[in-house]
Amino acid sequence: MTTPRRRFALVFALFASCFTLGAQAQLIDKKALSLAEARKALIAATEEARKSNVNAMIAVVDDGGFLVAYEKADKAGRISTDVAIGKARAAALFRRSTAGLEEAVPKRPAMVTIPDQVLLQGGMPISVDGEVIGGVGVSGGSPQQDEVIAAAGANAVGVKR
């Protein structure tokens, strides 16, 4: 035999579970950078670096800033490794070109204290259908060369700039 209090608790629990099930069913559908797409960006950027005669480090990260693909030219400088990855990470996480971020630094110098990000020209976000799915970062040439090479990689996967 159930008491009115138990019956109320049971009805309330069933009612509350309806809202919980609805909330759990709402998943976010988002695009993700695959390894194949990252390699495509890497190949395009590498070809642009070769045409520009730049010994570049090229990094491709996903939308969370995690490294997916990387290539180092035979004669590229050692410090360029962390710089390329930091540029790619900044482009992906800020969802914009690092050239624009570099311009913002004088107004907001605290930006340079953000860990593992390099706010120098040469990082481009990879965007597909208006959604940033990753970033390409390049180090080894002039700032302008790095940006052109990064754009070639980003454009091979995402929208043209």
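Observations, loosely collected:
- Selection within the stretch 71-96 - in contact (Cβ under 8 Å) with a residue 60 or more places away in the chain and not aliphatic (A, V, I, L, M): Gly77, Ser80, Lys87
- Lone unmet requirement of (1) hydroxyl-bearing (Ser, Thr, Tyr); (2) modelled with pLDDT of 95 or more; (3) out of contact with any helix residue (DSSP H, G or I) (no Cβ under 7 Å at 6 or more places or on another chain); (4) crowded, with 20+ Cβ neighbours inside 10 Å for Thr98: (3)
- Taking the conditions (1) part of a strand (DSSP E or B); (2) under 27 Å from Lys75 (Cβ atoms) in turn, Pro125 satisfies each one other than (2).
- Output for the stretch 81-110, where each listed residue is farther than 27 Å from Ala32 by Cβ and part of a helix (DSSP H, G or I): Glu102, Glu103, Ala104, Pro109, Ala110
- Members of the stretch 101-138 that are in contact with an Asp or Glu (Cβ under 6 Å, 6 or more places away or on another chain), in contact (Cβ under 8 Å) with a residue 60 or more places away in the chain and not hydrophobic (A, V, I, L, M, F, W, C): Gly134
- Checked against (1) of a type in the set (A, V, I, L, M, F, W, C); (2) surrounded by 17 or more Cβ atoms within 10 Å (Cβ to Cβ); (3) farther than 19 Å from Ser142 by Cβ, Ala56 passes all but condition (3).
The values are calculated or read from the model by the stated rules, or taken from the named source; none is laboratory data. On a predicted model such as this, the values are computed, not experimentally measured, just so you know. Methodologically, a virtual Cβ is constructed for each residue, glycine included, from the backbone with ideal geometry; neighbour enumeration extends over all protein chains shown.
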